[in-house]
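Remarks on the structure that follows.
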Amino acid sequence: MSHDTELDRLRRWSDAVTEITRMVNSDSGAGLLDLIAARTAELTGYDFCSVQLHDAEHQSLLIAGSFGLDPRYVEHVNTDRPIRLRAGDDFYDSPSSRAFRERRTIEVASVADTVFAPWRPIAEEQGYRSMLAVPMVVEGEVVGVLTCYSRRPGEHAPTERDVAELMAGQAAVAIHTARLRRRERQALARLEESNHALQRHQKVLERADRMHRQLMRVVLADQGLEDVVQALARVLRAPVTIEDSSGAELVHADFLSSRARPLPPVADPAVAAALEAVQSRKQVTVVRPEESDGPAGDDFWVGPVVIGSEVVARLWVRAPSQGLGPLERRAVERGCLVVAMEMLKRRTALEVELRLSRDVLTDLLLGEGAHRPADLLALAGNLGHDLSVPHRVLVASLDGGRGAPRDPEVAGRRMVSAALRAADGIRPKPLVGLRQDTGIMLLPTASTSVRGPGEVAGRWRAELERLSSESRATVILGESCADVADYPAAFAVARGALRLATRGGPVGRVVDLAEFGIYTVLLRSSDPEPLLEFASAKLAPVRAHDERRGTDLLRTLRAYLEHGGRTSEVGAELMVHANTVLNRVARLENLLDVDLADPRARLEIQLALMVADVADATGVANHSPRA
């Protein structure tokens, strides 16, 4: 070989390596494997070349770059005749797979050889008659195989093998370097994205902190829960609703023309699952009602308002116009915290007020302060109440249904909170409290408010029934008291009337004491003993019969008198036949020794039943007739 020829080969070799290196160092690296195949063919004189790399599972070799090969051939090899890497299957053990496993060059002098039988048809179609498979090894790892194809059969010249092996080494380094560069770029991209994410997160935190400071200013200014929620709606640019743990709405704030009502129903499985997550994991949760197939405007975020370890309320936010993102989540979390602080402040103030007012009400309503009225007036005055002016006694009861809290303390706190909301703004300040499960309000009869006692009672009832869709509240408008000594009797009468009103179940209305008619006279009786003895003696035979036989003739008697003796109506109420009613009436007349058709006898029995009702309502025990 002449000096010029050798120099030309070295120059071409150097140019090929330089071009491959430049391709490796480029940002894309696209076409690197095709370039390696092309330069190998150019330097070795082979007609076709390919670069084969293993798949992700190291099960097969795939043609990843080529020169001179028909694309259909490449597709056919990769899809229909994959080059398996596993050993032990001589029929499909290709020269490339052997070169890969054995890390040595494999030569096929003729594709007519038996070992090449599976690929002979496509080899003949492509037009090569011999081939060379050279492993590409770098840092002890086989990264693939460089294959060279010739249209001529026969042994390959040593120089061709040497050049192919040198190119395989260069190709292995190039592929390995390209992979390192790609991983490096990916790592840099991840770092850059992480840096951007940290910057975004920092901005979210900074904006959330600004939002939090805005909300805290409202809390510290003692502007109340309503103003806190209004501020939160402005911060989130979305409607906000606070509901207590039973689902009763406490306060709501719109944003511009957007409204959050109605909240999605708990019966919706998606909503129920979200509320369960809020309750159990105490974290902000996205809610998309199942019946909603609209855009983000139909979504809600709901977060827990936690005091101690108790979820005392939930904060609902309809998805704002810009959607829900990290900033909004952080703002909802901060909003829950601020609302919890405001509610804790209100609860603490309420508990202090209740504790102090309880002492005043105990002395006032049980008559223990009658002997020291000046002290009682002074104690009430310290709490902002003026008991020197007349007050009307209002009492209330609440049947909360299935949603009612089991904790009596929580139920009592709700009762009093509802009374305070109903009487908000009234001056002089009403005295509100609780005795057992009965709510009490002493309402000044002369106040600056245009709301009269009936309206205040109606608002109290409405506030109580907002606590649950199944709640039923009854409020009694009792008597007015001008003197400290008048309150015990007035409270006893009002509480007795409340028990009468709810004797058959929750009434769910406001009742003026004047509506009780003769019952009021009985409730006010200063000496109930004669009346109790009369009622007990009159009804004793029927009660004894019912107790002995397990019947309920007393109920039949009440129904008979209430319906004026019309047996068909009595039977309809009791769900029995009219003849059964007649038989029971005959038995009652026999037990009572009266003729129920006699108006005077019926009046006496009616009076006895009314006295018994009053006795039950006021807690006075039934009396047996005196000996």
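The values are calculated or read from the model by the stated rules, or taken from the named source; none is laboratory data. The shown structure was predicted, so the numbers you read here are calculated from the model rather than taken from an experiment. Positions of Cβ are backbone-derived with ideal geometry, glycine not excepted, and every protein chain shown enters the neighbour counts.
Observations
- Residue in region 571-581 that is aliphatic (A, V, I, L, M), over 19 Å from residue 546 (Cα atoms) and assigned by TED's automatic domain parsing to the domain that holds residue 556 present: yes
- From 514, 559, residue being modelled with pLDDT under 85, among the small types (Gly, Ala, Ser), over 13 Å from residue 614 (Cβ atoms) and in a helix (DSSP H, G or I): 514
- Scan region 430-448 for residues that are in a loop (DSSP other than H, G, I, E, B) and surrounded by fewer than 17 Cβ atoms within 10 Å (Cβ to Cβ) and the total you get is 5.
- Of all residues making up region 51-73, the number that are within 22 Å of residue 39 (Cα to Cα) and under 56 Å from the mean Cα position of the chain (by Cα): 8
- Scope region 260-288; condition in contact (Cβ under 8 Å) with a residue 40 or more places away in the chain and closer than 30 Å to residue 422 by Cα; matching residues: 260, 263
- In the set (1) at pLDDT 70 or above; (2) outside the structural domain of residue 604 (by TED's automatic domain parsing); (3) at positive phi, residue 550 fails one condition alone, (2).
- Selection within region 543-557 - closer than 15 Å to residue 589 by Cβ and not polar (S, T, N, Q): 545, 553, 554, 557
- Residue in region 190-204 that is acidic (Asp, Glu) and either in a helix (DSSP H, G or I) or on the phi > 0 side of the Ramachandran plot (or both) present: yes
- Some residue of region 91-102 being in the same structural domain as residue 171 (by TED's automatic domain parsing), on the phi > 0 side of the Ramachandran plot and within 60 Å of the chain's Cα centre (by Cα): no
- Conditions (1) at pLDDT below 80; (2) on the phi > 0 side of the Ramachandran plot: number failed by residue 45: (1)
- Residues being surrounded by fewer than 11 Cβ atoms within 10 Å (Cβ to Cβ) and in contact with a strand residue (DSSP E or B) (Cβ under 8 Å, 6 or more places away or on another chain) - total across region 264-286: 0
- The residues of region 316-351 that are outside any helix (DSSP H, G or I) and at pLDDT below 80, listed by number, are 319, 320, 321, 322, 323, 324, 325.
- So residue 354, is it within 18 Å of residue 413 (Cβ to Cβ), modelled with pLDDT under 75 and in a helix (DSSP H, G or I): yes
- Within region 167-191, being under 19 Å from residue 34 (Cα atoms) and charged (D, E, K, R) holds for 179, 181, 182.
- Any hit, region 179-194, residues being crowded, with 17+ Cβ neighbours inside 10 Å and over 30 Å from residue 329 (Cβ atoms): no
- Residue 54 surrounded by fewer than 21 Cβ atoms within 10 Å (Cβ to Cβ) and under 29 Å from residue 18 (Cβ atoms): yes
- Pick from region 556-605, criterion closer than 12 Å to residue 539 by Cα and under 55 Å from the mean Cα position of the chain (by Cα), ranking: surrounded by the fewest Cβ atoms within 10 Å (Cβ to Cβ): 558
- Flag for residue 229 being within 13 Å of residue 328 (Cα to Cα), out of contact with any Pro (no Cβ under 8 Å at 6 or more places or on another chain) and modelled with pLDDT of 75 or more: no
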